[in-house]
Amino acid sequence: MQLNTRAVHAGREDLTDLGLHAAPIDLSTTYPSHDSHEEASRLDRAKLGEDLGGSPIYGRIGNPTVARFETALANLEGAEAAVAFATGMAALSACLLAVAAQGKRHVVAVRPLYGTTDHLIDSGLLGTEVTWSTVDMLADDVRADTGLVIVESPANPTLSEVDIKAIDVDVPVLVDNTFATPVLQRPLELGADIVLHSATKFLGGHGDVLGGVVACDEQFARRLRAVRTGTGGILHPLAGYLLLRGLSTLPVRIRAASRTAAELARRLADHPGVSRVHRPSIGGPMVSFEVHGDPHTVIGAVQLITPAVSLGSVDTLIQHPGSLSHRVMADEDRRGAGVSDQLLRLSVGLEDVDDLWTDLDQALSQCKSSLG
Ligand SMILES: *Cc1c(COP(=O)(O)O)cnc(C)c1O
């Protein structure tokens, strides 16, 4: 079946047999059983990260509503399995911990990455070590103790792209696919091993749910589930429900916002206050641009567009990466990664293109006048 169909039906296959239309939300923290022999043997399997199906025994081990979202996302990414976490950063932490537990504490990564991702691996907060590399140098920078190669494409916030197919290394390649979504890019088909999403963004799609998810093979999924049970970063069932619902409209939201973003990018490129416009070759709802004047004036002047960090919502959001999404990085690292102080990042929503343009144009004209 095609992606549009799978986005609507995956993770809901059993609903008609259950006599239900909407997915049930299971808020249980625990699951009663009179058979503790059976529970003991199931817990032995959970310890190995096996997907128990049926009763999860305890809410930190698994949840049926979350499992529906995992099934659906794995389907859309063409993965054997998916494991969902409380946030995107919890998902990335689990990946780092899963490889570190096997003695692989070194990662090789390509900048730019989302600011907190950069900080997490650069600071060694989880006891890992990073070598910053380029796509051409990846193979040379891999060591015996390298557990992961980490790339983002299109990358936050410059929208620069990595040729995933061209990556040729002997260690698992993790692609943060948050900006592309499985609608525009499926990294596993391009040779990657692990796909990570901040589900908070386009998958949820309405700015009202935090989540993260990793799509991968069943072997790595078991290690992630074991880490998740041990560290407790599981997605909340209500979030699982909202994310499953979000997936059903993901293809239409992404295509509609991408069309608007392409048109806004064209108009921005012709605007005298704009020096440079960044758009991924695969399209998508994100546009980044550099202004001649003070970027903070634009943030202060927008009326319709929401001046806020984050992305992927039904409303259009604008933010200054140097102040927000990539603030946590050292100034020289951020600028070295191509994130200029003049850069603004726009996440295009579902509003009418002309209304958005009217707002951007008036905000940019104030930016120009602030130049004096
Ligand atoms: C937001 C974001 C993250 C982190 O996700 P949270 O859900 O905020 O923890 C990771 N990667 C990218 C590309 C992001 O934009």
Residues of region 211-235 satisfying the condition of being surrounded by fewer than 20 Cβ atoms within 10 Å (Cβ to Cβ) and within 16 Å of the ligand (Cβ to nearest atom): T231, G232
Taking E161, is it of a type in the set (D, E, K, R) and in the same structural domain as E77 (by TED's automatic domain parsing)? yes
Please state which one of V339, V328 is aliphatic (A, V, I, L, M), part of a loop (DSSP other than H, G, I, E, B), under 21 Å from T200 (Cα atoms) and touching a residue at least 60 places away in the same chain (Cβ under 8 Å). V328
Wholly within region 137-208, which strands (runs of 3 or more DSSP E) include no fewer than the required count, namely at least 3 residues that are touching a Gly at 6+ places or on another chain (Cβ under 8 Å)? 194-198
Looking at (1) of a type outside the set (D, E); (2) buried (at least 17 other Cβ atoms within 10 Å of the Cβ); (3) more than 23 Å from L210 (Cβ to Cβ), find the lone condition where P272 falls short. (2)
Considering only region 351-371, I want to know if a residue exists there that is at pLDDT below 95 and open to solvent by less than 10 Å² (accessible area, probe 1.4 Å). yes
Screening S153, S198, S160 for residues that are surrounded by fewer than 19 Cβ atoms within 10 Å (Cβ to Cβ) and within 16 Å of the ligand (Cβ to nearest atom) leaves only S160
Surrounded by fewer than 19 Cβ atoms within 10 Å (Cβ to Cβ) and within 30 Å of P182 (Cβ to Cβ): which single residue out of S310, S288, S347 fits that description? S310
Which of (1) at negative phi; (2) away from the ligand (no atom under 16 Å from the Cβ); (3) not β-branched (V, I, T) does G103 not meet, given it meets every other one? (1)
Within the set of pairs 6+ apart or on separate chains, which have a first residue in region 136-154 that is outside the structural domain of L346 (by TED's automatic domain parsing), a second that is aromatic (F, W, Y), and C-beta atoms under 9 Å apart? D141/W132; E152/Y114; E152/F179; S153/F179; P154/F179
Going through region 111-133 in order, the residues found to be away from the ligand (no atom under 15 Å from the Cβ) and not acidic (D, E) are S123, G124, G127, T128, V130, T131, W132, S133
Would a scan of region 4-11 turn up a residue that is more than 25 Å from the chain's Cα centre (by Cα) and either over 20 Å from E218 (Cβ atoms) or open to solvent by less than 60 Å² (accessible area, probe 1.4 Å) (or both)? no
Out of G103, G59, G115, G88, sole residue that is in contact with an Asp or Glu (Cβ under 7 Å, 6 or more places away or on another chain) and either closer than 19 Å to C216 by Cα or touching a residue at least 24 places away in the same chain (Cβ under 8 Å) (or both): G103
Identify all residues within region 60-100 that are away from the ligand (no atom under 15 Å from the Cβ) and polar (S, T, N, Q); write none if there are none. N63, T65, T71, N75
Regarding region 39-55, can at least one residue be identified that is within 16 Å of the ligand (Cβ to nearest atom) and either among the hydroxyl-bearing types (S, T, Y) or assigned to a loop (DSSP other than H, G, I, E, B) (or both)? no
For L304, the lone unmet condition from (1) part of a loop (DSSP other than H, G, I, E, B); (2) away from the ligand (no atom under 16 Å from the Cβ); (3) touching a residue at least 60 places away in the same chain (Cβ under 8 Å); (4) open to solvent by 40 Å² or more (accessible area, probe 1.4 Å) is (3)
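The values are calculated or read from the model by the stated rules, or taken from the named source; none is laboratory data. In this text, all values refer to a predicted model and were calculated from it rather than measured experimentally. Don't worry about glycine lacking a Cβ; one is built from the backbone with ideal geometry, like all the others, and counts go over all protein chains shown. Quick note on the areas: whole protein, heavy atoms, side chains included, nothing else; ligands and nucleic acids left out. Shrake-Rupley method; radii C 1.70, N 1.55, O 1.52, S 1.80 Å.
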